[in-house]
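Take a look at the structure set out below.
Throughout, read-outs are computed from the coordinates displayed, never taken from laboratory work. Keep in mind the model is a prediction, meaning the values are calculated, not measured. Every residue, glycine among them, receives a Cβ derived from its backbone with ideal geometry; neighbour counts consider all protein chains shown.
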């Protein structure tokens, strides 16, 4: 792919030829190698190079046209500009997107985040060895039906006709292992683990293998629990999943579209226990996929969403920020429309709890490890959810796997029922989070 400076030159030349005075371009490319294995043999080996470029053009009436292309040579860029210019005649006339006021502001210096890719043979060998060890960990583990090891180089840029010019690169490797058991007279049980790092040599393969093994074995001895109200402890991954499912609470675009439980006047409201604080922090040192700017060229930053239970800020694009008389937050994605999405959550304790709790001493609590069917079991406009989950009934450190149960509630009640947020956190692909304790949650045994 040409350099961002070359693309900017192509765009300036093409726009001049077409009489276009206002435009911007956002693009990204991904170079990826990935492998999967099945009982000691490579199952799938893939190499791909994907590119996507979004071109936006404003006309003299300040309506906007948008097109996409994968061709970033001079002719391709000029053709995309021409198509976007023609489409601008049919663009929206209300709440028209504009350049971010911070598209030329300084962005964070995060250093080199690239790493050389290893050869595919090494990927295959590493994954085959992990599968072999997982299969050999217990006689009941019959297979690892879902597994994968990949390495990815990401290159992205943003430029506009007012001189904005952004470019960044990054690399990361990911591993997932998801096992399945078979025992006579027993239900098949499954468990998995996931790891992400800058490169293959930094990837915690042993940790991923150990977690998948321990979880799988722990689910072999299972029992039903009685339907009722329980004290629940959410694992970091489970709480991040639930929090993300109700992201419309603080997403400015959802709020302006009236697709949220919040309103523009909700800033300052206490919506959760004062023990909980949440930030969106794309620049967090533990975020492998650090991004220094969003789709509109706005620098990313640490955004306090909840401060000791109080809704402190929404996440914004340039357009939503303008409509709500504030500043963009670096959370925009551009396409046919501009959308708003989080970058990387950092969930941590707010006010100090009056008491501390531990799974080693707690009695009859439910530890929710993983939530399922989030696409179907969440009604984000009503705040309700009903979700199957994997987890354990815990009594003084002794864990017994739960057979087929559903957890249900209202997110507003859940957030206010938090009575303890642990201090130790875990790093996941979607954010950093500790275990979160919630009182009186409904558990139904299927």
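Worth a mention:
- Antiparallel DSSP beta bridges within the chain, percent to nearest 5: 90
- In the chain, helices alone account for a calculated mean residue ellipticity at 222 nm of -6000 deg cm²/dmol, with every DSSP H run of four or more residues adding -39,500 (n - 2.57).
- Taking all Cα pairs closer than 8 Å and separated by 6 or more residues, the relative contact order of region 245-374 comes to 26 percent.
- The calculated FRET efficiency for residue 426 paired with residue 94, based on their beta-carbon distance and R0 = 56 Å, is about 0.80.
- Taken as Cα centroids, region 110-167 and region 255-277 sit 36 Å apart, rounded to the nearest whole angstrom.
- Estimated FRET transfer efficiency (residue 146, residue 86; beta-carbon r; R0 41 Å; 0.05): 0.35
- Which of 39, 284 has the fewest Cβ neighbours within 10 Å, and the rest in rising order: 39, 284
- Estimated FRET transfer efficiency when R0 is 22 angstrom, pair residue 259-residue 408 (beta carbons, to 0.05): 0.50
- Relative contact order of the chain: 15 percent, from C-alpha pairs under 8 Å at least 6 residues apart in sequence.
- Region 328-446: relative contact order in percent, alpha carbon pairs under 8 Å with at least 6 residues between: 25
- Ordered by the number of other Cβ atoms lying within 10 Å of each residue's own Cβ, fewest first, 400, 186 fall into the sequence 186, 400.
- Separation of alpha-carbon centers, region 391-446 and region 356-380, rounded to whole Å: 2
- Simple spin-label estimate for residue 16 and residue 218 in nanometres, 7 Å along Cα-Cβ: 6.4
- What separates the Cα centres of region 311-343 and region 193-223 is a distance of 36 Å.
- Shape of region 247-342, Cα gyration tensor, a/c cut at 1.5: oblate
- Nitroxide proxy distance, nm - points 7 Å out along Cα→Cβ at residue 104 and residue 352: 4.9
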